[in-house]
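In what follows, a structure is listed as structure tokens, so that the remarks can point back to it.
The values are calculated or read from the model by the stated rules, or taken from the named source; none is laboratory data. Treat the numbers as computed from the prediction; the structure is a model and nothing was measured. Reconstructed Cβ throughout: ideal geometry from the backbone, glycine too, with neighbour counts over all protein chains shown. Please note that ligands, DNA and RNA were not included when accessible areas were found on the heavy atoms of the full protein model with its side chains. Shrake-Rupley method; radii C 1.70, N 1.55, O 1.52, S 1.80 Å.
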Amino acid sequence: DQQVKQNSPSLSVQEGRISILNCDYTNSMFDYFLWYKKYPAEGPTFLISISSIKDKNEDGRFTVFLNKSAKHLSLHIVPSQPGDSAVYFCAASISNFGNEKLTFGTGTRLTIIP
Amino acid sequence: SQTIHQWPATLVQPVGSPLSLECTVEGTSNPNLYWYRQAAGRGLQLLFYSVGIGQISSEVPQNLSASRPQDRQFILSSKKLLLSDSGFYLCAWRGNRGDTEAFFGQGTRLTVV
């Protein structure tokens, strides 16, 4: 059962425009969400996170939005740059002690077109 | 600062041979440790995680096992590899609070031939 889903396997965006990556989850107990970026043959690197007590978190060009009622989060990248071309994973966890699992989605391959 | 080491980077093994992938973490104590596999269409699949020495939780029944002989060492093993074990394996560590990020090693590309 895929509890974290990224329904778009790929996305192409023109350089300078906004990239929007989407993620849906099914487990209402999830209360901490993360986005990772991954280049081929490398480990994922952490980008940004959000707690369920917020609906938005911003860090430079990256903004994550959380809609708890829809069980949906999105990552906005503005402006998109060629170096942003990578696979992006969303992940979710339950923050209280005793819940150690970190569940990832299937990933979205973002291609920035120069 | 904390660092995570995972080796080897690439590995080609024949079917039926054993496997041992090692992961060590520096600069932190009592981390939660994870093994993931990246497979096409399934994203990052959690294989095993550990909250302490000798404590292993398995997420997916398979041909692999994990062990944590020391606080900052996590090992992924198999007695006999299958072709389907090929993939990109990732080790990660995380603090023992659920509202922190995980940090990944560089990964091991395993090809079973």
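Summary table
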{"quantity": "Residue in the range A:45-56 that is within 20 Å of B:E101 (Cβ to Cβ) and away from every other protein chain (no Cβ under 14 Å) present", "calculated": "yes"}
{"quantity": "The range B:56-86 - residue that is among the acidic types (D, E) and in contact with a strand residue (DSSP E or B) (Cβ under 7 Å, 6 or more places away or on another chain) and, of those, modelled with the highest pLDDT", "calculated": "B:D85"}
{"quantity": "All positions within the range A:23-38 that are among the hydroxyl-bearing types (S, T, Y) and within 14 Å of another protein chain (Cβ to nearest Cβ)", "calculated": "A:Y25, A:Y32, A:Y36"}
{"quantity": "Subset tally (residues that are over 30 Å from B:A9 (Cβ atoms), open to solvent by 50 Å² or more (accessible area, probe 1.4 Å) and part of a strand (DSSP E or B)) for the range A:38-58", "calculated": "2"}
{"quantity": "Matching residues in the range A:59-107 - criterion: being in a strand (DSSP E or B) and among the charged types (D, E, K, R)", "calculated": "A:D59"}
{"quantity": "Residue that is nearest to the other protein chains (Cβ to nearest Cβ) [pool: residues in the range B:33-58 that are in contact (Cβ under 8 Å) with a residue 12 or more places away in the chain and over 12 Å from the mean Cα position of the chain (by Cα)]", "calculated": "B:V51"}
{"quantity": "Some residue of the range A:4-13 being more than 9 Å from chain B (Cβ to nearest Cβ) and among the hydrophobic types (A, V, I, L, M, F, W, C)", "calculated": "yes"}
{"quantity": "Odd one out for A:I20 among (1) within 11 Å of chain B (Cβ to nearest Cβ); (2) part of a strand (DSSP E or B)", "calculated": "(1)"}
{"quantity": "Restricting the range A:32-76 to residues that are without any contact (Cβ under 8 Å) to a residue 24 or more places away in the chain and of a type in the set (F, W, Y), the residue that is farthest from A:L110 (Cα to Cα)", "calculated": "A:F65"}
{"quantity": "Pairs, first more than 8 Å from chain A (Cβ to nearest Cβ) in the range B:92-113, second among the acidic types (D, E) and surrounded by fewer than 21 Cβ atoms within 10 Å (Cβ to Cβ), C-beta under 8 Å, six or more apart", "calculated": "B:L110/B:D85; B:V112/B:D85"}
{"quantity": "Residues that are within 14 Å of another protein chain (Cβ to nearest Cβ) and open to solvent by 60 Å² or more (accessible area, probe 1.4 Å), drawn from the range A:63-98", "calculated": "A:N96, A:F97"}
